[in-house]
1. Restrict the check to the stretch 74-87 and report whether at least one residue is within 27 Å of Gly124 (Cα to Cα), more than 11 Å from the chain's Cα centre (by Cα) and among the small types (Gly, Ala, Ser).
2. Looking only at the stretch 107-122, which residues are charged (D, E, K, R), surrounded by fewer than 17 Cβ atoms within 10 Å (Cβ to Cβ) and in a strand (DSSP E or B)?
3. Can you tell me which of Ala49, Ala3, Ala39 is over 27 Å from Gly124 (Cα atoms) and modelled with pLDDT under 95?
4. Restricting attention to the stretch 75-91, which residues are modelled with pLDDT of 95 or more and either surrounded by fewer than 14 Cβ atoms within 10 Å (Cβ to Cβ) or among the aromatic types (Phe, Trp, Tyr) (or both)?
5. When Val104 is evaluated against the numbered criteria (1) in contact (Cβ under 8 Å) with a residue 12 or more places away in the chain; (2) farther than 14 Å from Asp10 by Cα; (3) in a strand (DSSP E or B); (4) among the hydrophobic types (A, V, I, L, M, F, W, C), which criterion, by number, is the only one it fails?
6. Give me the strands (runs of 3 or more DSSP E) completely within the stretch 36-101, filtered to those with at least 3 residues that are touching an Asp or Glu at 6+ places or on another chain (Cβ under 8 Å), ordered by residue number.
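The values are calculated or read from the model by the stated rules, or taken from the named source; none is laboratory data. Source: prediction; values computed, not measured. Ideal geometry is used to build each Cβ from the backbone, glycine not excepted, and the neighbour counts take in all protein chains shown.
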Amino acid sequence: MTAIAPTAADLARRYVDVWNETDPQRRRQLVSEVFAPGATYTDPLGAVAGQDEIDGFIGGAQAQFAGLVFSLPAEPDAHHDLARFQWHLSAPGDPDPIAIGFDVVEIADGRIAKVHGFLDKMPG
């Protein structure tokens with residue numbers, strides 16, 4: 001049976017799942033599934049390359065914003081091998097996010113190859 005490749009919008013949703021996974025072993029597994037081995041992540045707070053560095057960057061953000069969760073306020077907009085989406089960071093169930101961002105992801109071979117992140121609202 002042939003596996004169906006995820007769409008760019010599917011990968012954008014799974015990307016948010018990675019950011020919300022707080023179990024380090026499970027998160028690392030998700031990073032391996034969602035990100036290409038040589039994937040890059042760049043936003044105003046940092047630039048990292050490879051699955052290990054991406055996993056470490058996400059773990060650092062989780063430590064800084066413990067107890068908060070990422071969500072997608074709307075469906076990702078996707079075409080070809082690209083997806084763009086806004087995300088919110090808030091306490092579970094809180095409709096007022098403390099942070100808002102906008103990411104563009106590039107897809108290659110069914111996984112995220114590049115993330116270009118922008119921060120629209122940050123706490124403090």
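1. Yes, some residue in the stretch 74-87 is within 27 Å of Gly124 (Cα to Cα), more than 11 Å from the chain's Cα centre (by Cα) and among the small types (Gly, Ala, Ser).
2. Step one: filter the stretch 107-122 for residues charged (D, E, K, R), giving 109, 111, 114, 120-121.
Restricting the remaining residues to those that are surrounded by fewer than 17 Cβ atoms within 10 Å (Cβ to Cβ) gives 109, 120-121.
Correct list: Asp120, Lys121.
3. One residue alone meets the criteria, Ala3.
4. Phe85, Trp87, Ala91
5. (2)
6. Numbers: elements: 46-49, 69-71, 77-79, 82-90.
Answer list for the stretch 36-101: 82-90.
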